[in-house]
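A.B. asks: Can you read through this structure? Questions will come right after.
The values are calculated or read from the model by the stated rules, or taken from the named source; none is laboratory data. Quantities reported herein were computed from a predicted structural model and do not represent experimental measurements. Cβ: placed from backbone, ideal geometry, glycine included. Neighbour counts: every protein chain shown. Each accessible area value is taken on the protein alone, full model and side chains, heavy atoms only, with ligands, DNA and RNA left out. Shrake-Rupley method; radii C 1.70, N 1.55, O 1.52, S 1.80 Å.
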Amino acid sequence: MDQSAPRPATTDRPFDVERVLAELTLAEKASLLSGLDFWHTQPVERDGETLVPSVMVTDGPHGLRKQDESADHLGLGGSVPATCFPTAAALGSSWDADLLRRVGEALGRETRTHDVAVLLGPGVNIKRSPLCGRNFEYFSEDPVVAGDLAAALVDGIQSRGVGTSLKHFAANNQEADRMRVSADVDERTLREIYLPAFERVVTRSQPWTVMCAYNKVNGVYASQHDWLLTTVLRDEWGFEGLVVSDWGAVRDRVAGVAAGLDLEMPSSGGRTDAQVVAAVRAGELDEAAVDAAARRVLQLVARSLPALRSTGAEDDSFDIDAHHTLAREAAAAGTVLLKNEPVDGAPLLPLAAPADVAVIGELARTPRYQGAGSSQVNPTRLDDALTALREAAGTDLPFAPGYTLAEGPADDRPADELVAEAVATARGAGTVVVFLGLPAAYESEGYDREHLDLPADQVALLTAVAAANPRVVVVLAGGSAISVSGWRDAVPALLVGWLGGQAGGSGIVDVLNGAVTPSGKLTETIPLRLEDTPSYGNFPGELGHVRYGEGVLVGYRWYDARRMEVAYPFGHGLSYTTFAYDDVAAQVTGSGADAAVRVQVRVTNTGAVAGAEVVQVYVGDPVAQVQRPERELKAFAKVPLAPGASRVVAFDLDARDLSYWHPVLRRWVVEGGEFVVAVGASSRDLRAQVSVDVDGEDVTLPLGELSTLGEALQHPVAGPVVRAGLDGATIDPVMLAMATDMPLAVIADFGLAGLDRGALGQLIEAANG
Ligand code: BGC
């Protein structure tokens with residue numbers, strides 16, 4: 001589609017949304033509800049005057065992809081040069097909200113420089129399976145870390161006077177069949193796992209827009225899902241912005257307008273505008289729904305105009321060098337040191353002798369730093385690790401590619417020749433740094449991965465190199481968990497830089513050299529096997545449906561519930577220093593829906609270099625009416641500490657942090673009793689644990705004829721009555737066990753527990769009264 005059509009000129013008249021809305025005809029209002037082209041909203045022009053200017057929105061999320069001439073949403077066409085910051089997989093692994101805010105500010109500045117009103121991101125879909133081809137664009141398998149970090153990013157971007165689009169709402173957790181599949185997921189799982197990251201960002205940061213997902217949720221397209229788009233998003237969470245469709249997600253535009261989908265993108269060529277007008281005229285769609293959607297488009301335009309009209313110095317350019325430096329800092333911060341075991345008495349990292357290093361692996365020279373699809377940025381420059389290592393060492397370190405990549409330079413040599421060259425290069429080097437990872441074709445928007453493994457030629461290379469020189473450091477590149485099974489024992493040091501953006505190469509070298517102490521932690525579990533993953537067997541679904549059969553047991557919640565070994569647990573990440581945790585305390589105030597817990601811990605840097613620890617707070621609720629995960633992340637803080645320095649960190653948990661979504665009562669409840677608060681360096685490196693007693697809410701379920709004997713015995717009013725009836729009878733314990741799940745109506749019909757139908761009716765009335 002041609003983007004060269006000039007953006008209609010804007011006048012400097014103040015843009016009064018209500019005045020403009022009142023002036024528009026039904027057809028004009030309907031025209032606002034779909035795009036002008038691929039990236040612009042529609043203007044309204046009358047008699048040569050622009051009543052409503054058009055504004056531009058564009059991808060997102062970790063850099064600007066502003067297309068000039070040809071437009072597409074698959075990242076196929078070119079775009080203006082922009083800083084390619086680390087992808088969400090890397091940014092998330094920093095667990096550093098302050099850093100994300102700063103990255104957001106830089107993104108916002110670039111967005112503004114290019115006269116774009118909304119940057120289409122961030123994406124906060126949960127990494128349900130490591131196979132999702134688009135996981136690199138998402139933050140975590142956990143909604144707390146995803147939500148907190150995305151909120152910081154949104155705050156940063158929006159602080160520059162431009163908007164964001166929180167996406168893809170909701171339950172868009174795979175690429176396979178993404179435009180049609182129905183995510184079949186129960187409400188508790190939605191509320192506890194798939195919605196809270198969106199909720200956190202909406203309630204804290206009010207993104208200007210939310211983008212609906214392509215898929216269906218329980219049989220209804222997200223683009224026309226009234227419960228999602230209106231009941232939850234607006235009525236419950238108080239969302240004040242505009243809902244935009246994902247590009248091409250609209251199936252029934254009229255149903256979408258009624259459900260709360262304000263803007264369809266891209267252009268429908270006027271087809272759906274006409275449908276909206278016809279539906280209003282036929283009495284099938286309330287004009288008030290059109291007004292509401294048009295008003296939100298006008299509000300979006302109104303809040304975009306100050307930045308678009310402003311011509312201050314900061315609006316015409318951005319500091320390419322400063323943004324590259326920030327991208328480098330972020331890449332280093334998102335790097336996770338998975339393993340660093342001693343060889344000959346000392347760990348290999350940081351590199352003791354940077355000039356005595358052999359560099360192996362095509363990825364050192366041809367970095368994979370972003371993913372394919374709509375998020376693909378045209379970077380302002382590109383660092384590779386080989387050059388950065390050589391620069392840092394001040395010498396021309398030996399290099400051998402070891403394997404080829406489709407995206408790398410052509411090399412016709414057979415694989416065994418490449419491996420032999422790499423072995424010869426590695427042999428005798430002080431340390432060998434081997435760069436491995438997923439080739440671009442392995443993961444992308446639009447399709448999912450088929451397995452978790454590295455390519456076989458890379459594993460063969462590593463095995464041969466490690467046999468020749470055991471002092472091997474492996475650096476992994478990829479957008480989501482990569483299996484390390486079968487080869488990690490052969491390498492003493494291992495780190496993952498994800499898809500680290502345009503400065504990923506230099507950022508990772510900062511960590512290798514010790515210029516930066518690693519402080520990243522995993523926001524997703526690295527499992528031992530694909531077959532261990534929670535959605536295995538239920539991913540990516542079949543015949544148009546994907547069943548979220550693992551329920552709330554996503555990510556670490558699953559591995560913990562099943563006591564399964566993993567390669568590296570959620571929250572794991574090593575440092576070049578060590579941290580001690582002391583004086584953990586938790587204090588409860590209030591009760592029920594007002595309960596709160598203050599958690600405190602003293603963290604001390606006990607090593608020799610400065611570093612930062614990500615302190616993680618997990619909560620477990622061992623006894624409840626529903627099965628709860630063993631522990632769930634509820635808060636975290638990144639704490640920088642000089643060697644020997646110590647700090648008390650405090651976290652305030654509220655009732656929501658203790659509660660679960662009650663599937664019968666259909667609300668959040670804090671069920672009273674013991675809660676276990678654990679503080680640690682990862683989900684499986686808990687340094688201290690305290691139990692607290694919380695006075696809960698009344699979660700008594702209404703009693704009915706089909707309530708069971710067991711439920712009646714638990715009931716505060718009915719329980720004593722039924723128990724008294726049972727005490728009078730001599731009941732065999734086996735019989736009693738069998739009767740526990742019998743409905744009261746059957747108990748009454750059998751004349752058990754002193755009940756008949758009449759007495760049962762009275763009991764139910766008294767219990768529910
Ligand atoms: C993606 C969105 C993106 C949009 C516009 C879609 O295919 O799912 O994330 O913002 O295209 O490029």
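A.B. asks: Could you give each residue of segment 194-202 its phi-based ³J(HN,Hα) in whole Hz, using Karplus coefficients 6.51, -1.76, 1.60 with θ = phi - 60°, and x for Gly or Pro?
C.D. replies: 3J(HN,Hα) across segment 194-202, in whole Hz: 8, 9, x, 5, 4, 4, 4, 5, 5.
A.B. asks: Rounded to the nearest 10 Å², what accessible area does Ser691 have for a 1.4 Å probe in the complete protein model?
C.D. replies: For Ser691, the solvent-accessible surface is approximately 70 Å².
A.B. asks: Further question: Evaluate the Debye formula for the chain with equal point scatterers sitting on the alpha carbons, no solvent, and hand back log10 of I(q)/I(0) at q = 0.06, 0.11 Å⁻¹, in q order, two decimals.
C.D. replies: So the normalised log intensities are -0.42, -1.19.
A.B. asks: Separate question: What are the residues whose amide H is under 5 Å from the amide H of Gly437, where those residues sit 5 or more places off or on another chain and H is modelled from the backbone?
C.D. replies: Ala477
A.B. asks: Further question on the same structure: Which shape class applies to segment 443-507: rounded if a/c is under 1.5, otherwise prolate when a/b exceeds b/c and oblate if not, where a ≥ b ≥ c are the square roots of the Cα gyration tensor eigenvalues?
C.D. replies: oblate
A.B. asks: Okay, next question. Please give the residues of segment 703-723, grouped as numeric ranges, whose backbone N is less than 11 Å from a label point set 7 Å along the Cα-to-Cβ vector of Phe750.
C.D. replies: What the label zone holds, given the 11 Å backbone N cut-off, is 709.
A.B. asks: Looking at segment 646-769 from every direction and averaging, what is the projected area of its Cα convex hull in nm²?
C.D. replies: Mean projected area for segment 646-769: 10.8 nm², to one decimal.
A.B. asks: Before anything else, pin down the relative contact order of the chain: Cα pairs under 8 Å, at least 6 apart, normalised by residue count, whole percent.
C.D. replies: 13
A.B. asks: Can I ask one more? With the cut-off at 24 Å, tell me which of the pairs Lys127/Lys216; Lys167/Lys339; Lys521/Lys634; Lys66/Lys638; Lys127/Lys167; Lys339/Lys638 have Cα atoms farther apart than that.
C.D. replies: Lys167/Lys339; Lys66/Lys638
A.B. asks: Rolling a 1.4 Å sphere over the protein heavy atoms, what is the accessible area per residue of segment 396-553, to the nearest Å²?
C.D. replies: Averaged over the residues of segment 396-553, the accessible area is 34 Å².
A.B. asks: Per DSSP H run of n ≥ 4, the term is -39500 (n - 2.57); total these for the chain, divide by its residue number, and report the mean residue ellipticity at 222 nm rounded to 500 deg cm²/dmol.
C.D. replies: -8500 deg cm²/dmol
A.B. asks: Report the antiparallel proportion of the DSSP beta bridges in the chain as a percent, rounded to a multiple of 5.
C.D. replies: If we restrict to bridges inside the chain, about 60 percent are antiparallel.
A.B. asks: Taking H as built 1.01 Å from N, whose amide H comes closer than 5 Å to the amide H of Val243, not counting residues under 5 places away?
C.D. replies: Val210, Asp262, Leu263
A.B. asks: Net charge near Glu630, counting Lys/Arg +1 and Asp/Glu -1 over other residues with Cβ under 13 Å of its Cβ?
C.D. replies: Working: positive: Arg557, Arg562, Arg563, Arg628, Arg631, Arg684; negative: Asp560, Asp621, Glu632.
Net of charged neighbours comes to +3.
A.B. asks: Tell me, what ³J(HN,Hα) does each residue in segment 633-650 have, in order and in whole Hz, if you take phi through Karplus 6.51 cos²θ - 1.76 cosθ + 1.60 with θ = phi - 60° and put x for Gly and Pro?
C.D. replies: Once rounded to whole Hz, the list reads 5, 10, 7, 7, 8, 9, 10, x, 9, 6, x, x, 6, 9, 8, 8, 10, 10.
A.B. asks: If you look at just the Cα atoms of segment 217-297, how large are its Rg and its Dmax in Å?
C.D. replies: 12.0, 34
A.B. asks: For segment 650-690, what is the accessible area per residue in Å², given a 1.4 Å probe and the full set of protein chains?
C.D. replies: Averaged over the residues of segment 650-690, the accessible area is 39 Å².
A.B. asks: Would you work out if segment 537-639 is rounded, prolate or oblate? Take a ≥ b ≥ c from the square roots of the eigenvalues of the alpha-carbon gyration tensor; rounded if a/c is under 1.5, else prolate when a/b is larger than b/c, oblate otherwise.
C.D. replies: oblate
A.B. asks: May I pose another question? If you take the square roots of the eigenvalues of the alpha-carbon gyration tensor of segment 379-514 and sort them as a ≥ b ≥ c, do you get rounded (a/c under 1.5), prolate (a/b over b/c) or oblate?
C.D. replies: Because its axes are fairly even, with a/c under 1.5, segment 379-514 counts as rounded.
A.B. asks: How are the C-alpha pair distances of segment 503-545 spread across 10 Å bins, as whole percents from the shortest bin up?
C.D. replies: Percent of pairs per bin, in order: 21, 26, 22, 22, 9, 0.
A.B. asks: Taking just the alpha carbons, could you work out the radius of gyration and Dmax for segment 132-235, both in angstroms?
C.D. replies: According to the Cα coordinates of segment 132-235, Rg and Dmax are 13.3, 39 Å.
A.B. asks: Hey, another quick one. Output ³J(HN,Hα) for segment 718-723: one whole-Hz value per residue in order, computed from phi by the Karplus curve 6.51 cos²θ - 1.76 cosθ + 1.60 with θ = phi - 60°, and x for Gly and Pro.
C.D. replies: Whole-Hz 3J(HN,Hα) from phi for segment 718-723: 6, x, x, 5, 5, 4.
A.B. asks: While we're looking at this one, here's another question. Given H placed 1.01 Å from N in the peptide plane, which residues other than close sequence neighbours of Leu641 have an amide H under 5 Å from its amide H?
C.D. replies: Result for Leu641 returns Gly611, Ala612, Glu613.
A.B. asks: Computing the accessible area with a 1.4 Å probe over protein heavy atoms, can you report the carbon and sulfur percentage for the chain?
C.D. replies: Working: 14040 of 27680 Å².
That share works out to 51 percent.
A.B. asks: Another one. What number comes out for the charge environment of Asp693, summing +1 per Lys or Arg and -1 per Asp or Glu over other residues with Cβ under 14 Å away? Could you put the intermediate results ahead of the total?
C.D. replies: Working: positive: none; negative: Asp621, Glu671, Glu674, Asp695.
Net local charge, Asp693 excluded: -4.
A.B. asks: Nearest 0.05, what FRET efficiency do Glu765 and Thr708 give at R0 = 22 Å with Cβ-Cβ as r?
C.D. replies: For R0 = 22 Å, the calculated efficiency reads 0.75.
A.B. asks: What is the sum of charges around Val669, taking Lys and Arg as +1, Asp and Glu as -1, for the other residues whose C-beta is under 15 Å from the C-beta of Val669?
C.D. replies: Value of the local net charge: -4.
A.B. asks: So what is log10(I(q)/I(0)) for segment 341-442 at q = 0.17, 0.19, 0.20 1/Å, when the Debye sum runs over its Cα atoms only?
C.D. replies: Per q value, in the given order, log10 I(q)/I(0) is -0.87, -1.02, -1.09.
A.B. asks: In a Debye calculation with equal point scatterers on the alpha-carbon sites of segment 80-179 and no solvent, what is log10 I(q)/I(0) at q = 0.12, 0.18, 0.24 Å⁻¹?
C.D. replies: -0.37, -0.80, -1.24
A.B. asks: If you don't mind, another one. If you count only protein heavy atoms with a 1.4 Å probe, what accessible area per residue comes out for segment 100-162, rounded to a whole Å²?
C.D. replies: Working: 870 Å² over 63 residues.
Result: 14 Å² per residue.
A.B. asks: Taking just the alpha-carbon atoms of segment 441-570, what radius of gyration and Dmax come out, in angstrom?
C.D. replies: Final numbers for Rg and Dmax: 16.7, 52 Å.
A.B. asks: For segment 253-315, go through all pairs of different Cα atoms, get the mean of 1/r, take its inverse, and jot down that Kirkwood value in Å.
C.D. replies: In segment 253-315 this quantity evaluates to 13.2 Å.
A.B. asks: Now, a different point. Distances over 17 Å make up what percent of all Cα-Cα pairs in segment 240-282?
C.D. replies: 24
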